[in-house]
Amino acid sequence: MRKIDPVRALLSEAVQRGRCRPADLLAELDTGSRRGSALPRRVLSEVGEGVHSVAEAHGLRRWRAANLPNAMWNVPVYDSSDRFVAIPDAWCDEVALAWEIDSFEWHLDAKGYAKTVARNTRYATAGIVVVQTLPSRLRDDPQGVIAELRAAYAAAKARPRPPVQARPSGSA
């Protein structure tokens, strides 16, 4: 494979389905020749940061291009009563900003749409600023997405931070 998105799709799906761990794949790459391993290594670096899909990998690039503080990817967020809010695709803990990269594929049917509405309501009741982006906009309008992220960050920073917390994997 010579194009990164098919490599992203293959490796992120294998990891998400629990077939392997990124560390195991890196160890396997380290035992062989380095020739042809640049793309898988790059993808595994993204997966190691918590990116779960091709769209999220594109989102990671846009987030970095926006020059915003680091975001955590796919971490559970809880409100002040320790109730689950959501697992945003990206989470900027500094200002309690969530970013959801929502595709039609996962949200188009009645059940998926209902889950999306319920999630967005939980964000709103917890006082979290949330940005929703279609994956196609990451490709077709990267500067527009970056501008929206910067504006949402400014709005989140301008209000008092709500009492919510992210709990990365392995934390209590």
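The values are calculated or read from the model by the stated rules, or taken from the named source; none is laboratory data. Small disclaimer: the values here were computed from a predicted structure and weren't measured. Cβ coordinates were reconstructed from backbone atoms using ideal geometry, including for glycine residues, and neighbour counts include every protein chain displayed. These accessible areas exclude ligands, DNA and RNA; they are computed on the full protein's heavy atoms, side chains included. Shrake-Rupley method; radii C 1.70, N 1.55, O 1.52, S 1.80 Å.
Of note:
- Here the label points at SER37 and TYR78, each 7 Å from Cα along the C-beta direction, are separated by 3.9 nm in the simple model.
- Candidate cross-link partners of LYS111 among the aspartates and glutamates, defined by an alpha-carbon separation under 19 Å and a same-chain spacing of 8 or more, comprise GLU100, ASP102.
- Sorting ARG61, ARG35, ARG137 by accessible area puts them as ARG35, ARG61, ARG137; the probe is 1.4 Å, largest comes first, and only protein heavy atoms count.
- Residue-span extension gain [ALA27 to GLU94] - 0.36 nm each, minus C-alpha spacing: 20.8 nm
- Extending 7 Å from Cα along the Cβ direction at ARG61 and again at LYS3 yields two label points whose distance is 1.3 nm.
- Under 24 Å from the Cα of LYS3 - lysines, other chains or at least 8 residues apart: none
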